[in-house]
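Values in this text are rule-based calculations from the coordinates and carry no lab data. Every value quoted in this text rests on a predicted model; they were computed, and no experiment measured them. Positions of Cβ are backbone-derived with ideal geometry, glycine not excepted, and every protein chain shown enters the neighbour counts.
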Amino acid sequence: MLLPTPPGGPVSPAQPAVPEPTGRFSRRQVLAWSALAAAVPFGAALRPAPAGAESADDAYARAFAELVANHPAVRRHLTAGREFLYRPRQLLVAPADTARVLAKLRSYGYVVNEGNGFGGVRRLVFAYETDIPGVVTRLRDPHQWYGQPVPLVQPHHVAVGFGNIMGNPGGPPRVATALAPPDPARVGEGAGVTVGICDTGIWRSAGGFHPQWLGGYYAPQTDDEDPLYTGADLLALQGGHGTFVAGVVRQAAPGVRFDPEQALDASGIGDEEMLVGAIGRLSAGTAVVNLSLGYFTQDDQPPLPMVNLLAGLPQQVAVVAAAGNAGTSRPSWPAALDRVVGVAALSPGSPGPVAAPYSSRGGWVDACAIGDRTSTYVPGQLVLAGQPTRVFSGFAAWAGTSFAAAHVSGRLAALMTATGVDADTARLALLAGTAWHPDFGVLVG
């Protein structure tokens with residue numbers, strides 16, 4: 001059954017109908033963003049919901065909202081439709097603008113000094129808690145710079161994993177049975193290609209526990225390990241996300257190798273510095289970079305560190321990123337950058353897939369794939385308030401643009417081996433197909 005026809009009339013069979021984004025947040029988005037303690041001071045706890053009053057999806061979204069609300073190194077800008085997360089007391093500035101921005105800030109009366117930069121930007125650190133979004137707005141005002149260009153400045157944005165953790169509808173992993181072994185007839189798909197997976201890292205025992213899917217297909221390193229647990233065998237909200245993503249990539253291309261790097265913690269939280277660092281640590285020869293994560297930015301401006309990093313990558317490298325699970329047309333970064341393949345999610349349907357209601361979409365999206373996947377996971381218990389404990393034994397089912405993106409990364413690797421071309425040429429060939437829908441891009445099966 002197709003979803004409602006967008007305003008403007010019916011669409012052709014090549015452009016399935018999708019729900020028109022309203023620009024407003026649904027109840028679950030409110031739980032995960034606007035109700036990130038919107039009326040509660042930073043660091044204060046949210047009031048618990050009555051036991052049994054929430055679905056598992058809502059409980060998961062609420063758990064993430066509470067985590068962010070109480071995180072000492074995360075601040076929230078909560079203006080409706082312009083939400084984003086950022087690091088406190090930090091401002092990122094283009095090197096050429098640093099001196100005059102410092103002078104301007106000091107003329108305003110701020111105590112601020114230069115810290116360590118990254119990703120081709122300088123970091124300015126305020127001595128005291130500061131309204132960083134307000135400072136950025138003021139510095140971006142042309143009236144502050146009579147006769148001078150407006151400087152390139154931004155907050156240090158916080159990124160999150162997109163395993164359905166942005167709240168529309170946020171859903172936890174589900175217990176699943178083991179995958180069947182890889183098909184021997186497909187072992188050539190992706191052979192000789194390395195996909196970099198910048199995520200929560202990889203479970204320490206992933207190769208031994210999943211020998212057919214993960215064993216021998218990556219080089220284990222201590223600094224790539226996903227910490228997974230909050231204590232004992234209690235899983236953090238996104239513990240195992242990177243291990244799940246790795247399995248999706250390998251299912252899409254059973255001969256591919258992967259290089260896991262940690263860009264997010266086990267709760268699914270990272271920042272631009274962590275992301276730039278993870279990409280920078282990828283092994284030489286990495287052909288495809290998978291980013292099953294992303295973030296909103298202030299004023300929806302392209303993030304300077306990612307723009308700089310992509311400009312420095314070899315041209316033949318392809319970058320794939322999740323479009324996000326906010327159910328909106330608002331651009332998520334880095335998926336919305338021109339060089340990046342932004343991937344939206346579809347849900348299984350009859351006679352064919354339908355738009356996943358949680359998936360972000362828009363003209364900046366390049367491709368789409370099924371976001372509901374079963375994959376390699378980790379052992380442990382996921383405990384959500386008011387919900388039955390979920391006990392995992394190494395496999396899970398999960399939905400999100402994270403997993404649609406991972407599938408596309410794997411299929412890019414498979415296309416490389418099938419055609420003998422580099423990753424960027426494969427990217428161009430993949431995107432040359434007919435769009436499934438203008439807001440979802442090309443369907444990758």
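Ranked from largest, the principal axis spans of the Cα set of the range 228-330 equal 42, 38, 25 Å. In the range 160-443, a dipole from Cβ-located charges (positive for Lys and Arg, negative for Asp and Glu) runs towards its positive end, and of V408, I269, I279 it is V408 whose Cα lies farthest in that direction.
For the chain, a simple Cβ point-charge model (Lys and Arg +1, Asp and Glu -1, everything else neutral) yields a dipole of about 580 debye relative to the Cα centre. Sorted ascending by nearby beta carbons within 10 Å, beginning with the fewest, S107, S409 become S107, S409. Farthest towards the positive end of the charge dipole of the chain, among the residues A396, L139, A73, is the Cα of L139, using unit charges on the Cβ of Lys, Arg, Asp and Glu.
The ellipsoid equivalent to the alpha-carbon distribution of the chain has semi-axes of 33, 25, 23 angstrom, derived from the gyration tensor eigenvalues as √(5λ) and listed largest first. Taking every alpha-carbon pair under 8 Å whose residues sit at least 6 apart, the range 160-443 reaches a relative contact order of 26 percent.
Shown here: the range 337-419, whose C-alpha atoms stretch 44, 31, 30 Å along the first, second and third principal axes, sorted largest to smallest.
Near the amide H of D271, within less than 5 Å, lie the amide hydrogens of A159, all on another chain or at least 5 residues away, with H placed in the peptide plane.
This ranking places S205, S292, S402 by how few other beta-carbon atoms lie within 10 Å of each, fewest first, which gives S205, S292, S402.
Placing unit charges on each Cβ (+1 for Lys and Arg, -1 for Asp and Glu) gives the range 160-443 a dipole about its Cα centre, and among A385, G171, L346 the Cα reaching farthest toward its positive end belongs to L346. Hull volume per residue, based on the alpha-carbon atoms of the range 160-283 and their convex hull, is 115 Å³.
Shown for the chain are the DSSP H helices of 24 Å or more along their axis, judged by Cα atoms, with a mean Kyte-Doolittle hydropathy of at least -1.0: 401-419. Please give the Cα centre distance for the range 300-361 versus the range 115-138, rounded to the nearest Å. Centre-to-centre distance over Cα atoms comes out at 26 Å. Once divided by 2.2 N^0.38 Å, the Cα radius of gyration of the range 67-137 becomes 1.16.
Looking at the range 160-443, send over the antiparallel percent of its DSSP beta bridges, to the nearest 5. In the range 160-443, DSSP labels about 45 percent of beta bridges as antiparallel.
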